[in-house]
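J.: My structure is below; once you've seen it, I'll send some questions.
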């Protein structure tokens, strides 16, 4: 079947995520034939740099032989088995590896399928923990404006990105929302170099009044992803963690996007020396090969569920593909690569080169802010630097950049007016320089149009 036939069938049968399908009446989606390392190859022979790690999943490079070999080996013996009353080698080994590389208080691993479910599990565990522990009133959760934790109902309830959640607001449960630590557009009009993290004051005010009714707070450590790649100070995370401990609520760290080396550490909470009560993982856990998620928690939480069956404290939650043997085999192999290839050490050497390279992008007239952490960089585009006036929704500046990126051989998928690079950790110096140069070139060309 040739590429045109496949695209016709795609248009006839499929419905793509986060996509207005009417946009593809004339334009085709890019039909990818294969991938290797940091590159994607389409059916016409064109090559694209995967600058967003295929929705933030790719860590060691596409089709890494070590991960592929592990999946093939596992497939010969066991493809799937239920995980209630049964277990298997890779689930055990991956659980051990995750505990070993995570903050020291996290000792238990609960598997699920994706980022949304890992957060749902944490919310439900937190909620039931307080019930099991004799605190039935602690039912509310706190989210952060511009936070995103997935598209299932619970995850949307604690999220705050209107594009994803506004339509479904009446389906969601009520949750408290506190201001985002959005330094470029500080809700308190402060400058980061002279502020005292006032954006955390509303959290303390809320907890002083209502902590006895609050189960936990969920946040994306140091980087709000889908909310616009808002990269915020370590001091904010430290203060939130301190307040959560002081007022006896759970700290839920959604590391779905930030985990597995993205920020320069295995997990973003490490930058602040924070030990959350729950940590939610997915995306990079299998190097983007197969769906898998994990929610890590403490022995204290686990013990609140561990009792005689008749007490009815069992955690009644699960998924058909929980701890799938193929997925966990990929997870084991991916974590082995961190040690085998010294991934974090190499990344620590690449990060300063990356950060220095993107500085020239600040000079482009439509770039209002440049944000960076680890192997992630974001560029917020504005119509007026002085006033920080944003581009209008109808102007679709992101779509313009996306199409220009394809012409430059870059897979960019902007979030509104925010262009970002979330690069695979395996990237070479030459690849990095080429990606930054092309990004600079297309943003400069776009700026010249205004």
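J.: Using the scaling law 2.2 N^0.38 Å as the reference, what is the normalised Cα Rg of region 119-199?
T.: Expressed relative to 2.2 N^0.38 Å, the Cα Rg reads 1.30.
J.: Considering only C-alpha atoms, what is the centroid distance from region 80-107 to region 363-401, in Å?
T.: The two parts, judged by their Cα centres, are 41 Å apart.
J.: Also: Tell me the mean residue ellipticity at 222 nm calculated for the chain from its helices only (DSSP H runs of n ≥ 4, each -39500 (n - 2.57), averaged over every residue, nearest 500).
T.: Rounded to the nearest 500, the figure is -10500 deg cm²/dmol.
J.: Another one. Only Cα pairs within less than 10 Å get springs; with that Gaussian network setup on the chain, which residue of 23, 363, 235 has the largest fluctuation?
T.: The residue with the greatest mean-square fluctuation here is 23.
J.: Give me the one-decimal Kirkwood hydrodynamic radius in Å for region 198-268, with the sum taken over alpha-carbon pairs.
T.: Radius from the Kirkwood sum: 12.8 Å.
J.: Looking only at 406, 290, 106, which one moves most when the chain is put into a Gaussian network model with springs between Cα atoms under 10 Å?
T.: Result: 406 has the largest fluctuation of those listed.
J.: How large is the convex hull of the Cα atoms of region 366-450 per residue, expressed in Å³ as a whole number?
T.: 89 Å³
J.: Can you sort 446, 101, 199, 280 from fewest to most other Cβ atoms within 10 Å of each residue's own Cβ?
T.: If I rank by nearby Cβ atoms, fewest first, I get 101, 446, 199, 280.
J.: How large is the translational diffusion coefficient of region 1-67 in µm² per second when you combine the Kirkwood radius over alpha carbon pairs with Stokes-Einstein at 20 °C and 1.002 mPa s?
T.: This corresponds to a translational diffusion coefficient of 158 µm²/s.
J.: Same structure again: Report the residue, chosen from 320, 51, 167, that carries the largest GNM mean-square fluctuation when the chain is represented by alpha-carbon nodes joined by springs under 10 Å.
T.: 167
J.: In whole Å, largest first, what are the principal axis extents of the Cα atoms in region 270-338?
T.: So the three principal-axis extents are 42, 35, 16 Å.
J.: Taking every DSSP beta bridge with both residues inside region 68-340, roughly what % is antiparallel (nearest 5)?
T.: If I count the DSSP bridges inside region 68-340, around 50 percent turn out antiparallel.
J.: Please state the shape class of region 253-409: rounded when a/c is under 1.5, otherwise prolate if a/b exceeds b/c and oblate if not, all from the C-alpha gyration tensor.
T.: Cα axes put region 253-409 in the prolate bin.
J.: Next up: Looking at region 235-289, what % of the alpha carbon pairs are farther apart than 19 Å?
T.: 28 percent
J.: Please report the spacing between the Cα centers of region 183-230 and region 28-56 in Å, no decimals.
T.: The two parts, judged by their Cα centres, are 37 Å apart.
J.: For 359, 275, which order do you get if you count the other beta carbons within 10 Å of each Cβ and list the fewest first?
T.: Going from sparsest to densest Cβ surroundings: 359, 275.
J.: Follow-up question, since we're still on this one. Based only on other Cβ atoms within 10 Å, what is the fewest-to-most ordering of 367, 68, 59, 121?
T.: 68, 367, 121, 59
J.: Which value, in Å³ per residue, describes the convex hull spanned by the Cα atoms of region 38-151?
T.: Looking at region 38-151, the number lands at 193 Å³ per residue.
J.: Still on this model: I'd like to know how region 157-255 sits against the 2.2 N^0.38 Å rule of thumb: what's its Cα Rg over that expected value?
T.: 1.09
Each value in this text was obtained by applying a stated rule to the coordinates, not by laboratory testing. No experiment lies behind these values; they were computed from the predicted model shown. Positions of Cβ are backbone-derived with ideal geometry, glycine not excepted, and every protein chain shown enters the neighbour counts.
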